[in-house]
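Single-structure report; data block below.
Quick note: the coordinates plus some simple rules give every number you see, no bench work behind them. Fair warning: this is a prediction, and the values are worked out from it, not measured in the lab. Glycine gets a Cβ as well: all are built from the backbone with ideal geometry, and neighbour counts include every protein chain shown.
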Amino acid sequence: MSSKKTGYTHKSSKKYPLKQGKTYQYRIRGYNKKAKGNKKWGKYSSVKKVKVPKKPAAKPTEAPKPTAAPKPTTAPKPTAVPKPTAAPKPTATPIPKPTAIPKPTAIPKPTAIPQPTKPVQPAKPTATPIPKPTAVPQPTAIPKPVKVSSITLNQTSLTMTSKGQTASLTATVTPDNAANKNITWSSSNSSVVTVVDGTVTAVANGTADITATAADGSGVSAKCSVTVRVPNNVRNITLEGGKSKAIGPDIDDFDNIDFKQVAFDIKNENNSINILGLHATEYAAGVTVKGLIHGTAIIVAKYNGNVLLTYNITVTSDWKEYLGYASWKKTVESQIWTNSMALKDKLDAAQNYIKTHFKYKNGAPQYVYAYAEGIADCFTASDFFGDFAKDAGAQVKYVSTHTGNMYDYIADAVSDGGHVFNRVLLNGQWVNYDAQPPLS
């Protein structure tokens with residue numbers, strides 16, 4: 001641009017087209033074409049931006065609205081003039097319409113060549129539906145069996161004091177509806193105790209556990225601790241004829257039993273000893289024996305059927321006074337009895353002999369001495385009659401009028417106090433016999 005010009009117009013051309021809405025930037029600088037080198041360009045420099053505006057889209061020409069026709073002014077109605085009779089209008093001569101030129105007849109279309117009939121396809125066979133298999137009903141779920149949850153034993157500890165002693169254990173299973181309530185029993189040491197179906201048997205000294213285990217596989221169990229303490233339960237006793245001794249268990253031997261429940265089994269087949277009486281206290285139980293003639297006897301102390309102690313008694317010599325009494329008794333029996341006599345007749349004869357051959361004396365001496373003196377009281381007479389009855393094979397008891405209790409040994413009846421007499425079992429009934437001589 002020449003310095004003489006103050007404006008510049010950029011026209012759109014094929015080489016430099018201008019586009020609507022675009023912004024173009026122009027830089028204007030001073031330039032001296034006569035100058036040399038870099039001095040041709042002056043310091044003037046200016047940048048201008050020009051945006052080519054978009055042409056607005058032409059709006060469609062609106063159709064002109066029709067002009068509203070003015071309403072005619074209403075003229076005053078004139079007074080009606082009678083209408084003249086109208087002259088008849090001439091009849092209009094009709095103008096004939098030209099005859100229509102007929103349209104050319106349409107050329108008929110050629111008849112369509114008939115198409116061959118397609119063969120009818122046979123219907124496809126209807127597929128027979130395959131029946132679905134009937135569902136097999138699932139079996140009803142079987143409820144799981146109820147397991148044992150606990151076992152309770154009637155005893156959790158036991159002490160056994162004799163070989164062969166037994167005790168019963170009872171197991172209670174819970175819950176009540178457990179499917180399998182069976183119990184398996186076992187011993188931790190069968191050389192000490194054994195167990196069969198809850199019955200425990202002592203074998204030897206020692207300790208062991210008895211276990212009751214549920215048989216349903218639940219693993220539930222219960223234990224009972226067992227102690228077997230068998231004392232040295234065989235005692236050997238030596239006794240001279242005419243001497244007496246009290247024997248039996250005491251608290252030093254057993255500290256956990258009721259001594260009043262101790263019983264004594266006596267085996268005295270050759271009458272080597274005489275039983276003078278039984279006794280029992282809170283601390284001991286015993287029997288008093290007296291040596292009669294040379295020989296042996298066995299006494300067994302038991303508690304609840306179990307052996308506590310066994311006493312082997314040996315009488316080393318004869319008691320001379322007893323031998324004299326035994327000889328006298330045999331002599332009398334041979335005089336008053338015969339082999340054909342009934343038991344009752346023998347007993348009646350013995351009672352009658354005592355009453356008629358002895359005189360009553362209160363405080364008479366012991367029977368082994370009294371027979372020689374011919375005196376007797378109720379105690380001595382009961383001793384005489386008891387020995388006669390035993391020799392006759394009768395079962396005899398000793399009774400005190402003070403208590404009415406029957407005893408195997410006269411010493412026990414004497415201990416009750418009062419008058420003592422005998423009872424003998426005849427034909428299933430106990431019959432009283434009182435051989436005391438009449439009072440003088």
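If the segment from residue 432 to residue 356 were pulled out straight at 0.36 nm per residue, it would be longer than the present Cα-Cα gap by 25.5 nm.
Near residue 214: Cβ cut-off under 12 Å, other residues only, Lys/Arg at +1 and Asp/Glu at -1. The net charge is +1.
The mean sequence separation of alpha-carbon pairs under 8 Å and at least six residues apart, normalised by the residue count of region 286-440, gives a relative contact order of 18 percent. Label zone of residue 184 (point 7 Å out along Cα→Cβ, amide N under 15 Å): in region 209-224 this covers 211-222. Residues whose amide H lies under 5 Å from that of residue 161, counting only those 5 or more places away or on a different chain, are 229; hydrogens are built 1.01 Å from N in the peptide plane. Under the simplified labelling scheme, the residue 154-residue 300 pair shows an inter-label distance of 2.5 nm, with each label point 7 Å from Cα along Cα→Cβ. Quick one: net charge around residue 192, please, counting Lys, Arg +1 and Asp, Glu -1 for every other residue with C-beta under 13 Å from its C-beta. My count for the surroundings of residue 192 gives +1.
Placing a label point 7 Å from the Cα of residue 317 along the Cα-to-Cβ direction, the residues of region 227-256 whose backbone N falls under 13 Å from that point are 239-244. When the alpha-carbon atoms of region 347-428 are used, the pair Rg, Dmax equals 12.2, 36 angstrom. The calculated FRET efficiency for the pair residue 366 and residue 142, based on their C-beta separation and a Förster distance of 56 Å, comes to about 0.10. Treat each spin label as a single point 7 Å out from the Cα along the C-beta direction, and report the residue 18 to residue 416 distance in nm. Going from the residue 18 label point to the residue 416 one covers 16.0 nm.
The amide H of residue 431, built 1.01 Å from its N in the peptide plane, has 424, 425, 426 as neighbours under 5 Å, considering only residues 5 or more places off or on other chains. With respect to the cross-link table entries 330/361; 223/260; 243/397; 355/397; 243/302, which display a Cα-Cα separation exceeding 22 Å? Violating the 22 Å Cα-Cα cut-off are 330/361; 223/260; 243/397; 243/302.
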